[in-house]
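Engineer: Below are the structure tokens for one structure; questions will follow.
The values are calculated or read from the model by the stated rules, or taken from the named source; none is laboratory data. Just so it is clear, the structure is predicted and the values come from calculations on it, not from any experiment. A quick note on method: Cβ atoms are made from the backbone with ideal geometry, for glycine too, and the neighbour counts reach across all protein chains shown.
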Amino acid sequence: MFPFMPQQAVTPVTIPASEHAVRLRGLRKSFGSVVAVAGVDLDVADGEFFAMLGPSGSGKTTVLRMIAGFESPTGGTVELGGRDVTRLAPFERDVNTVFQDYALFPHMSVLENVEYGLRVKRVPKTERRTRALEALKSVRLDGFEKRRPAQLSGGQRQRVALARALVNRPRVLLLDEPLGALDLKLREEMQVELKAIQREVGITFLFVTHDQEEALTMSDRVAVFNEGGIEQVGTPAEIYERPATAFVAGFVGTSNLITGAAARSVLGRDGTFSVRPEKLRVVPADPGAPDPVSSDEHSAEGTVSEVVYAGPATRFVVDLDVGGRLIALQQNLEVSSMDVMGLRGRRVRLVWQRRHEFAIGSS
Amino acid sequence: MTTSAALSRPGPRGRLAAFLHRHARVRLSLLLSAPLAWLGLAYLGALAALFVTAFWSTDTFTGDLVRSFTWANFQDLVTGDVYRTIALRSLGVAVAVTLIDLIVAFPMAFAMAKLASPRAQRWLVILVLTPLWASYLVKAYAWRVMLSSDGVLGWGYGLTATIATLSYLWLPYMILPIYAGLERLPSSLLDAAGDLGARGWRTFRTVVWPLSFPAVVAGSIFTFSLSLGDYITVKIVGGKSQLIGNVVYDNIGAANNLPFAAAVATVPVVIMLVYLAAVRRTGALENL
């Protein structure tokens, strides 16, 4: 990619209609005078691990609920595997959901919970039992069949919810903030595990999250939601390295925007540009030293206003002389906390490669 | 200076507060003493007196109480065909009222808890509560007017009229517990059932009903026991039919046989105990 090239918000991927797991066209939903979803177009391919990322109130959960059939759209269509299901009830759609609160039936055992969907579909008892036990095994919960949900930990409940949904072999699995209620350690474990399970079963996973790290680490593609619409759709790398809008730049990672006079002075161009913190190199602003900036680099001088030591890395907040503020993230390769803490108030120069700065559309 | 003095030497009120703060048990017993005394005397005492009286008798000639132990009242009760008929009839009325209230109340409570907007929800609760603010007698007489042969309903008086009137009177006592129970039921459970392929009826049968059953039991205890003890409605719209309540009332008043009235009054108590034991055996109350 060339620097300064304006990025398109959506790179349309042409997928044959039959291979669409989910296709949304002009999807809208309003609750009274409040518009929750304002025209969403989205294609999710078969077998994809797809994330809908956005802050709370951005409409992502409402979109998920319309795909599941819990809410009916005010306008637009929902297609599952090429079939228009916009007006169908949840029990008529080939999707299953993992709920944020897991929604396990408290009066049933783990096994009864997992068997529920099969029982409803009148799957014969022996097959039902085999499939349910298999599903429990795949989420590493064999031996827990007779427990009640109340006797399980949060992570175990989460896995029962997953097994209960997967056992039906749906075309699409919908996950509503699936890891939101877990603590950090367990969440990281489950991220890896969910990804592994998805690869194993090959079912399309469509999940909603407000956690950008979760979206980036787990998904094949991400749609970033804001105020009822989609800001950008792309692979995690595209979203992170080439945010299409200032909102995406700020929501996914640290925004680090260079704009207005600063952009003119440092980059020699008008507009708004973004550089990710880890792309910035911090060097001493020593007037006598040889210029560290090569021809394919840009640089800006400033004063370190804050130093945040975070174990493996250190975050420097630098107020630029030309106005604005950038955050630089440095790996603590050869320095200790003692060294870095002393840098507050020092004059530094931030250097970065031109190919790492990206123009951002106004939104 | 004043503040430091107050801190170093607390007054009598401060010392009392500190004492109570350190002695949680004393604090608890002080709080509970009045309600417990009231419960013990007025409720358990009266109930005990009732049971004791049931084993006494009256002098048939003078009508005075004879305070010596006898099974006679219970023997009369068990052997007398009239009383058995009345007891069974009362039981039938209570069951009918409970079932009718359940059938009317459940959809109403469900709509209130799960379908209505928060605003509509508040109004519906007020609507359900409103009849409770009106006098029992006024409502019973209103039904008498409606049921009379030239009234709006014109069913005439009798057992059917009694059941209808009692069902109306106790309906709020069934709606409110079920409403409260369904409010606590997470809506995501209903979504989950639908998501797993269950239609409305199946969701009701396998998820909503089992989880709201304790609330239904709570409501039915109200409608059942209130119906079993009622004697006024029967008097107003029941025509010639009699229920346990009437037998008790007549024996206290006209027949002046307090011990027998007491014996009859134990029948609903026993029925309720049997009912609660049966419900408890289903295990549905363990989740309360």
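Engineer: Answer yes or no as to whether A:R346 is in contact (Cβ under 8 Å) with a residue 60 or more places away in the chain and within 18 Å of A:D286 (Cα to Cα).
Structural biologist: yes
Engineer: A follow-up question, please. Determine, yes or no, whether A:S33 is more than 29 Å from A:R199 (Cβ to Cβ), touching a residue at least 24 places away in the same chain (Cβ under 8 Å), loosely packed, with under 15 Cβ neighbours inside 10 Å and hydroxyl-bearing (S, T, Y).
Structural biologist: No.
Engineer: Something else about it: If we scan the range A:121-130, do we find a residue that is farther than 19 Å from A:A196 by Cα, in contact with a Pro (Cβ under 8 Å, 6 or more places away or on another chain) and either free of Cβ contacts under 8 Å to residues at least 12 places away in the same chain or surrounded by fewer than 16 Cβ atoms within 10 Å (Cβ to Cβ) (or both)?
Structural biologist: no
Engineer: Checking B:L137 against (1) surrounded by fewer than 20 Cβ atoms within 10 Å (Cβ to Cβ); (2) under 16 Å from B:G219 (Cβ atoms); (3) touching a residue at least 24 places away in the same chain (Cβ under 8 Å), only one condition comes out false. Which one?
Structural biologist: (2)
Engineer: Turning to a different aspect of this structure: In the list B:A72, B:A49, B:A54, which residue meets the criterion of being of a type outside the set (F, W, Y) and touching a strand residue (DSSP E or B) at 6+ places or on another chain (Cβ under 9 Å)?
Structural biologist: Checking each option against the conditions leaves just B:A72.
Engineer: Looking for something in contact with a Pro (Cβ under 9 Å, 6 or more places away or on another chain), farther than 23 Å from B:I175 by Cβ, in a helix (DSSP H, G or I) and modelled with pLDDT of 85 or more - is there at least one such residue anywhere in the range B:53-60?
Structural biologist: Yes, there is a match, as at least one residue in the range B:53-60 is in contact with a Pro (Cβ under 9 Å, 6 or more places away or on another chain), farther than 23 Å from B:I175 by Cβ, in a helix (DSSP H, G or I) and modelled with pLDDT of 85 or more.
Engineer: Tell me which residues, restricted to the range B:103-129, are surrounded by 16 or more Cβ atoms within 10 Å (Cβ to Cβ) and not β-branched (V, I, T).
Structural biologist: Result: B:A105, B:F106, B:M108, B:A109, B:F110, B:M112, B:A113, B:Q121, B:L124.
Engineer: With the requirement that a residue be farther than 20 Å from A:A45 by Cβ and surrounded by fewer than 24 Cβ atoms within 10 Å (Cβ to Cβ), what does the range A:215-251 give you?
Structural biologist: The answer is A:N226, A:E227, A:G228, A:G229, A:Y240, A:E241, A:R242, A:T245, A:A246, A:F247, A:G250, A:F251.
Engineer: If you go through the range A:178-223 one residue at a time, how many are of a type in the set (G, A, S) and free of Cβ contacts under 8 Å to residues at least 24 places away in the same chain?
Structural biologist: 1
Engineer: When you scan the range A:36-52, do you find a residue that is crowded, with 17+ Cβ neighbours inside 10 Å, out of contact with any Gly (no Cβ under 8 Å at 6 or more places or on another chain) and under 22 Å from B:S188 (Cα atoms), even just one?
Structural biologist: Looking for residues that are crowded, with 17+ Cβ neighbours inside 10 Å, out of contact with any Gly (no Cβ under 8 Å at 6 or more places or on another chain) and under 22 Å from B:S188 (Cα atoms), one finds at least one in the range A:36-52, hence yes.
Engineer: If I ask for residues that are at the interface with chain A (Cβ under 9 Å from one of its Cβ atoms) and among the hydrophobic types (A, V, I, L, M, F, W, C), which ones from the range B:191-212 would you list?
Structural biologist: B:A192, B:A193, B:L196, B:A198, B:V207, B:L211 - these are the residues of the range B:191-212 that are at the interface with chain A (Cβ under 9 Å from one of its Cβ atoms) and among the hydrophobic types (A, V, I, L, M, F, W, C).
Engineer: Within the range B:216-237, which residues are surrounded by fewer than 24 Cβ atoms within 10 Å (Cβ to Cβ) and either β-branched (V, I, T) or within 14 Å of chain A (Cβ to nearest Cβ) (or both)?
Structural biologist: B:V216, B:V217, B:I221, B:I232, B:I236
Engineer: Something else about it: Among the residues of the range B:174-190, write down those that are crowded, with 20+ Cβ neighbours inside 10 Å, more than 30 Å from A:V167 (Cα to Cα) and away from chain A (no Cβ under 14 Å).
Structural biologist: Correct list: B:M174, B:I175, B:L176, B:P177, B:I178, B:Y179.
Engineer: Can you pull out the residues in the range B:147-159 that are among the hydroxyl-bearing types (S, T, Y) and buried (at least 16 other Cβ atoms within 10 Å of the Cβ)?
Structural biologist: B:S148, B:Y157 - these are the residues of the range B:147-159 that are among the hydroxyl-bearing types (S, T, Y) and buried (at least 16 other Cβ atoms within 10 Å of the Cβ).
Engineer: Scan A:L64, A:L42, A:L24 and give me the residue that is within 14 Å of another protein chain (Cβ to nearest Cβ) and either within 24 Å of A:T217 (Cα to Cα) or not basic (K, R) (or both).
Structural biologist: A:L64 is the lone residue from the list that is within 14 Å of another protein chain (Cβ to nearest Cβ) and either within 24 Å of A:T217 (Cα to Cα) or not basic (K, R) (or both).
Engineer: I want to confirm something. Restricting to the range B:62-116 and keeping residues that are of a type in the set (V, I, T), touching a residue at least 12 places away in the same chain (Cβ under 8 Å) and in a helix (DSSP H, G or I), which single residue is nearest to B:V207 (Cα to Cα)?
Structural biologist: For the range B:62-116, the residue satisfying everything is B:V104.
Engineer: Next question. Report, by residue number, each residue of the range A:71-102 that is hydroxyl-bearing (S, T, Y), within 13 Å of chain B (Cβ to nearest Cβ) and in contact with a strand residue (DSSP E or B) (Cβ under 7 Å, 6 or more places away or on another chain).
Structural biologist: Passing the criteria: only A:T97.
Engineer: For the range A:214-228, check the following and say yes or no: at least one residue is within 22 Å of A:G202 (Cα to Cα), charged (D, E, K, R) and in a helix (DSSP H, G or I).
Structural biologist: yes
Engineer: Taking the residues in the range A:77-102 that are assigned to a strand (DSSP E or B) and aliphatic (A, V, I, L, M) as candidates, determine which candidate is nearest to B:G194 (Cα to Cα).
Structural biologist: A:V95
Engineer: Residues that are among the hydrophobic types (A, V, I, L, M, F, W, C) and closer than 30 Å to A:G342 by Cβ, at least 2 per element: which helices (runs of 4 or more DSSP H) completely within the range A:235-328 meet that?
Structural biologist: Counting at least 2 such residues, we get A:260-267.
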